[in-house]
Amino acid sequence: MKNNKIPLKLLFLLLTVFVFFSFPRFSSGEDKEVLIIFNVELKGIAPKPVQPEVLTDAITAEFAKAGNFSIVDRGTIYYYFKQIQEKTKKSCDDVECLTDLAAQLDAGFYIVTEVNKSGDKCSISSKLYKRKPGTLLYFVEQTETNDSPCKAEDLKKSAGLMGMRLSGLEVVKGEKTTSSPLSPGKDLELKKPIDEGYGTLVLDTNPEECQIYIDSEGYGVTPQTIQKVPAGDRTIVLAKDGFSTTTEVIRMLKGQRVVLNKNLAPQMGSIKISLLSPVFSPQEKQKPQIYLDGKYKGVLAAENPFEIKGILVGAHTVKIEHPDYQTKEEEIVVRNNSTEEMSVELAGKPGKILVVSTPLKAKVSVDGVEGGETPYSASLPPGKHKIIVVLSGYKSQEKEIEINPNKSLSLNFGLEALPKGQVDVGEGLAPSRDMILIPAGEFMMGCNSAVDNQCGNNEKPYHRISLDSYYIDKYELTVDQYAQCVQAGKCSNPGTGQYCNWGNSGRGNHPVNCVDWDQADSYCGWAGKRLPTEAEWEKAARGTDGRKYPWGNQTATCDYAVMSQGGNGCGCDSTWSVGSKTAGASLYGVMDMAGNVWEWVQDWYEGGYYKNSPAQNPQGPSSGRYRVLRGGSWDFTNYLRVANRSHNLPSLRLNGYGFRCVRPAK
């Protein structure tokens with residue numbers, strides 16, 4: 001078998017033309033394969049009967065006749081050959097040099113020819129190589145001519161015959177031969193790459209722990225030294241979440257050590273924070289402070305949204321702090337080249353009151369709930385409150401106050417003695433200790449997308465509403481309470497059945513269900529009250545901080561509400577006694593605003609009502625087919641969000657339908 005090793009010293013025989021000072025990358029200008037024919041080497045023949053260039057030209061001439069290839073001229077070959085020598089600072093006599101030259105000239109085929117002498121005869125042999133993009137050279141085939149005399153004319157004739165064989169122009173018995181591997185349409189059989197080997201790749205990145213891919217195959221993470229990287233053109237990809245992927249193409253040579261140090265550009269976005277409430281005046285010395293992942297970023301004002309730029313993609317924690325307001329903390333996922341919006345409503349911290357009277361020992365009622373005797377102190381949520389002071393033998397007094405967040409207020413009542421024998425009945429007190437005062441003021445109504453990703457179209461837009469003060473029943477109306485109205489002849493019997501509480505023993509303190517809208521409206525009228533408007537119901541359930549559920553933003557479970565979890569009614573397959581889920585109380589202390597039973601409200605239903613709703617005391621549409629229901633019930637998992645709006649025919653008496661009442665505070 002003949003040796004397929006390339007006679008690299010033939011490269012030095014290219015010094016046959018003048019030095020070119022500037023050459024562009026070779027381009028044939030035609031859609032043909034590019035071919036390099038290296039100068040023929042006469043091995044062990046002295047004196048030389050003919051110049052090597054003459055034999056090279058004889059081979060080249062036959063390829064020119066065939067016209068199948070674009071042939072690189074010797075001047076261009078020499079120019080790039082010298083460039084490689086200057087770059088590597090060493091003689092170009094190894095495979096690495098030939099490989100580099102092949103890549104520089106971007107040719108597909110290479111022919112290396114030599115003349116050998118045996119006795120008085122000479123033979124010519126040529127080796128054909130194919131270069132595939134991204135690889136080293138592949139050996140294809142060796143072609144030889146018959147022995148001939150070692151004279152100039154004979155050698156020139158043999159070289160021409162070699163050119164004919166290689167180019168497919170040789171004629172045998174009157175027909176062109178197809179034995180040449182370069183014959184048109186012939187498939188090439190690529191042997192193994194010449195001088196196949198491996199190199200070493202040293203990779204380091206900033207940041208570290210970037211995923212490494214070499215020609216799409218995973219190699220772990222940086223920093224890393226990778227042994228035995230196959231020689232050839234290799235595509236290196238470095239990737240890490242939050243950073244832009246980088247790609248580098250390297251040429252790996254046998255025994256070479258390649259070092260790559262790469263900085264990956266971080267992917268970034270921004271967060272824009274808007275303050276919905278409260279509104280801080282420009283003169284306000286203390287404004288909410290913004291922290292991103294624990295680092296201070298600035299102050300927040302209602303008139304100007306605050307934007308934090310240059311944030312790495314991924315999850316971040318935004319915290320808003322103010323000494324007089326509850327800390328607001330939210331996790332936001334930042335995306336590449338995107339601005340995330342965050343709307344903030346701050347809930348005030350409770351304030352404190354101190355009530356004193358002259359004389360002392362007077363009973364104090366706060367928002368209709370008895371609190372104790374003077375001197376009396378308590379914490380109250382920010383907003384308006386009604387304080388009533390009653391002492392036997394004295395005229396009762398009341399004051400409507402406003403508690404500012406985290407502030408203290410002192411009240412002094414000078415009680416006026418009543419004439420002897422006169423009794424003060426304490427007019428102005430709440431009609432029942434089971435009603436809670438909802439102070440006048442603004443709140444945000446509708447779905448708050450900042451904390452709720454289940455917003456329905458009928459819950460939009462998230463809009464500001466102002467309400468007068470009112471009292472609302474602390475609990476859903478019970479079976480025993482409704483029975484009093486039936487006994488008085490003012491209310492009709494609710495529906496009955498397995499899941500209806502009316503007529504089922506032991507459920508007197510359960511919410512009355514299986515009632516229609518007219519029955520609910522009749523009871524509230526008999527009790528000197530009315531059904532709440534949809535806005536009144538939502539404020540009592542939500543408060544002023546835009547929460548998702550009455551208790552906050554924690555996921556709805558049976559810890560907070562009577563719902564369908566582990567079975568309907570938290571596994572009891574029925575409603576529960578009102579007020580059983582104390583952890584589910586609203587900001588104002590109203591119970592069961594989520595779960596147990598749906599609650600009829602005063603409003604007719606209209607899906608797009610929020611788009612044109614009045615900003616002050618909205619009453620709902622003037623007419624309609626359906627009435628609104630709120631709060632979800634014992635046999636539902638969903639629909640417990642405070643923003644959820646349901647509706648149905650007012651004549652229906654379903655086992656999930658109940659109600660509660662309200663009355664104005666004045």
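Observations, loosely collected:
- Counting only residues that are assigned to a strand (DSSP E or B) and in contact (Cβ under 8 Å) with a residue 60 or more places away in the chain, region 237-259 holds 1 of them.
- You will find that of Val597, Val590, Val578, the residue that is of a type in the set (A, V, I, L, M, F, W, C), under 22 Å from Arg663 (Cα atoms) and in contact with a helix residue (DSSP H, G or I) (Cβ under 7 Å, 6 or more places away or on another chain) is Val590 and no other.
- Test: residue in region 328-340 that is touching a strand residue (DSSP E or B) at 6+ places or on another chain (Cβ under 7 Å) and modelled with pLDDT under 90: no
- Top-ranked residue in region 220-245 [being among the aliphatic types (A, V, I, L, M) and under 30 Å from Asn336 (Cα atoms); ranked as most open to solvent (accessible area, probe 1.4 Å)]: Val221
- Test for Arg660: is it over 17 Å from Pro461 (Cβ atoms) and of a type in the set (Lys, Arg): yes
- Hits in region 617-637 - residues which are farther than 15 Å from Trp604 by Cβ and under 38 Å from the mean Cα position of the chain (by Cα): Gly631, Gly632, Ser633, Trp634, Asp635, Phe636, Thr637
- Some residue of region 350-365 being over 19 Å from the mean Cα position of the chain (by Cα), within 30 Å of Ala417 (Cβ to Cβ), part of a loop (DSSP other than H, G, I, E, B) and free of Cβ contacts under 8 Å to residues at least 40 places away in the same chain: yes
- If you go through region 433-448 and keep only what is open to solvent by 50 Å² or more (accessible area, probe 1.4 Å) and either part of a strand (DSSP E or B) or modelled with pLDDT of 95 or more (or both), you end up with just Glu442.
- Residue in region 273-292 that is farther than 27 Å from Tyr462 by Cα and within 23 Å of the chain's Cα centre (by Cα) present: no
- Filtered by the rule that a residue be open to solvent by 50 Å² or more (accessible area, probe 1.4 Å), without any contact (Cβ under 8 Å) to a residue 24 or more places away in the chain and over 26 Å from Thr247 (Cα atoms), region 264-280 gives a lone residue, Val279.
- Being farther than 30 Å from Arg547 by Cβ and assigned to a strand (DSSP E or B) is a condition met by no residue of region 375-382.
- The residues of region 607-666 that are among the β-branched types (Val, Ile, Thr) and either open to solvent by less than 70 Å² (accessible area, probe 1.4 Å) or in contact with a helix residue (DSSP H, G or I) (Cβ under 6 Å, 6 or more places away or on another chain) (or both), listed by number, are Val628, Val642, Val662.
- Matching option when the condition is under 23 Å from His647 (Cα atoms), surrounded by fewer than 21 Cβ atoms within 10 Å (Cβ to Cβ) and not charged (D, E, K, R), among Asn553, Asn568: Asn568
- Residue that is farthest from Asn337 (Cα to Cα), among those in region 300-315 that are open to solvent by 60 Å² or more (accessible area, probe 1.4 Å) and in contact with a strand residue (DSSP E or B) (Cβ under 6 Å, 6 or more places away or on another chain): Pro305
- In region 144-168, the residues that are within 14 Å of Ser118 (Cβ to Cβ) and modelled with pLDDT of 85 or more reach residues that are assigned to a loop (DSSP other than H, G, I, E, B) and of a type outside the set (Val, Ile, Thr) with C-beta atoms within less than 6 angstrom, at least six apart or across chains, in these pairs: Cys150/Pro49.
The values are calculated or read from the model by the stated rules, or taken from the named source; none is laboratory data. Computed from a predicted structure; not experimentally measured. Cβ: placed from backbone, ideal geometry, glycine included. Neighbour counts: every protein chain shown. With ligands, DNA and RNA removed, areas are computed over all heavy atoms of the protein, side chains included. Shrake-Rupley method; radii C 1.70, N 1.55, O 1.52, S 1.80 Å.
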